[in-house]
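Visitor: Can you keep this structure in mind? I'll have questions shortly.
Rule-based calculations on the coordinates, nothing more; no lab input. As the structure is a prediction and not an experimental result, all values here were calculated from the model. We place every Cβ from the backbone using ideal geometry, glycine too, and count neighbours over all the protein chains shown.
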Amino acid sequence: SQQGEEDPQALSIQEGENATMNCSYKTSINNLQWYRQNSGRGLVHLILIRSNEREKHSGRLRVTLDTSKKSSSLLITASRAADTASYFCATGETSGSRLTFGEGTQLTVNP
Amino acid sequence: DGGITQSPKYLFRKEGQNVTLSCEQNLNHDAMYWYRQDPGQGLRLIYYSQIVNDFQKGDIAEGYSVSREKKESFPLTVTSAQKNPTAFYLCASSAYNEKLFFGSGTQLSVL
């Protein structure tokens with residue numbers, strides 16, 4: 001079953017704008033991770049935030065986690081055409097090692 | 001180079017045939033995973049293994065089988081019992097409950 005649900009399903013913006021994607025989940029988690037996938041390729045890990053953290057930064061990426069609302073957001077600042085990809089959130093369950101993925105947000109950055 | 005290798009990149013299955021997808025990693029990771037991805041959708045967990053000679057069913061294990069005889073290898077067999085095997089298959093590995101490293105995927109199609 002899918003644990004995370006991304007919102008929106010698709011997002012189209014102009015180069016230089018910021019992109020925000022949201023993820024909601026249902027059960028307790030140990031950590032939440034964001035991944036990127038270019039069409040027809042494997043996923044690449046972007047950032048991991050633990051359940052006791054509220055915000056994390058990595059370059060142009062900013063991730064927030066609100067465990068009371070069971071939600072997370074990924075912000076990409078100053079987007080580039082090369083950021084065009086699908087973005088997935090994945091949750092690590094407290095009691096095990098498996099990750100459960102959402103259905104992703106398709107981001108298109110127009111030059 | 002350290003990484004995770006999937007082969008073949010493209011695979012075709014005839015009706016009634018079993019096919020095996022290869023996944024090898026040299027990252028010294030204990031955990032390995034197989035995911036299925038249908039077009040425009042997220043990843044669904046087929047099987048995972050946290051240690052050699054042990055593996056667990058994921059959410060959609062029916063029609064698939066795996067083995068974990070070596071730490072480096074986690075092959076997936078798509079059996080004839082899987083009636084809708086056309087999908088993109090992704091293998092991943094990780095240290096326990098940490099970020100996943102993905103292979104480049106195998107596209108399986110039915111002839």
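Visitor: Suppose we look only past 29 Å in the calculated P(r) of the protein assembly as shown. What percent of the Cα-Cα pairs does that tail hold? If you can, show how the numbers build up before the last one.
Guide: Working: 6457 of 24531 pairs.
So the portion of pairs separated by more than 29 Å is 26 percent.
Visitor: 7 Å from Cα along Cα→Cβ at both residue A:80 and residue A:44: what's the point-to-point distance in nm?
Guide: The two pseudo-label positions are separated by 1.0 nm.
Visitor: Where in region B:66-107 does the amide nitrogen come within less than 14 Å of the point 7 Å from the Cα of residue B:26, taken along Cα to Cβ?
Guide: Of the residues in region B:66-107, B:72-73 have backbone N under 14 Å from the label point off residue B:26.
Visitor: For a quick check of your reading of the filter: which GluC sites (Glu not before Pro) in region A:1-62 sit in a DSSP loop and have no more than 15 other Cβ atoms within 10 Å?
Guide: Working: sites: A:5, A:6, A:15, A:17, A:53, A:55; in loops: A:15, A:17, A:53.
Those that pass, being in a loop and sparsely packed, are A:15, A:17, A:53.
Visitor: Under a crude label model (7 Å from the Cα following the beta-carbon direction), how far is residue B:111 from residue B:14 in nanometres?
Guide: 0.5
Visitor: I'd like the FRET efficiency for residue B:86 and residue A:10, computed as 1/(1 + (r/R0)^6) with the beta carbon distance as r and R0 of 22 Å, rounded to 0.05.
Guide: 0.40
Visitor: Tell me, A:89, B:23, A:23 in order of fewest to most beta-carbon neighbours within 10 Å?
Guide: Numbers: A:89 31, B:23 24, A:23 27.
In order of increasing Cβ crowding within 10 Å: B:23, A:23, A:89.
Visitor: Pick from B:58, B:40, B:16: which is most flexible by mean-square fluctuation in a GNM of chain B where alpha carbon atoms under 10 Å apart are linked?
Guide: B:40
Visitor: If you scale each eigenvalue of the Cα gyration tensor by 5 and take the root, what three semi-axes come out for region B:69-111, rounded to whole angstrom and sorted largest first? Walk me through the numbers before you get to the answer.
Guide: On the way: eigenvalues 117, 33, 15 Å².
Rounded to whole Å, the semi-axes are 24, 13, 9.
Visitor: Right, here's the next one. What fraction, in whole percent, of alpha-carbon pairs in chain A exceed 17 Å separation?
Guide: Values: 3017 of 6105 pairs.
So the portion of pairs separated by more than 17 Å is 49 percent.
Visitor: Pick out which of A:27, A:100, A:67 has the largest mean-square fluctuation in a Gaussian network model of chain A, springs linking Cα atoms closer than 10 Å.
Guide: Per the Cα network of chain A with a 10 Å cutoff, A:27 tops the list.
Visitor: Just to be sure I follow the rule: in chain B, considering lysines 8 or more places apart or on different chains, how many pairs have Cα atoms under 19 Å apart?
Guide: Numbers: B:14/B:83; B:57/B:70; B:57/B:71; B:57/B:83; B:71/B:99.
Close lysine pairs found across chain B: 5.
Visitor: Oh, and also: Please arrange B:29, A:57 by counting, for each residue, the other beta carbons lying within 10 Å of its beta carbon, fewest first.
Guide: Working: B:29 18, A:57 11.
By the 10 Å Cβ count, ascending, the order reads A:57, B:29.
Visitor: May I pose another question? Take the Cα atoms of chain B, build their convex hull, and give its volume per residue in Å³.
Guide: Working: hull volume 10.6 nm³, N = 111.
Roughly 96 Å³ of hull volume per residue.
Visitor: Top mean-square fluctuation among B:43, B:21, B:90, Gaussian network model of chain B, C-alpha springs under 10 Å?
Guide: Residue with maximal mean-square fluctuation among B:43, B:21, B:90: B:43.
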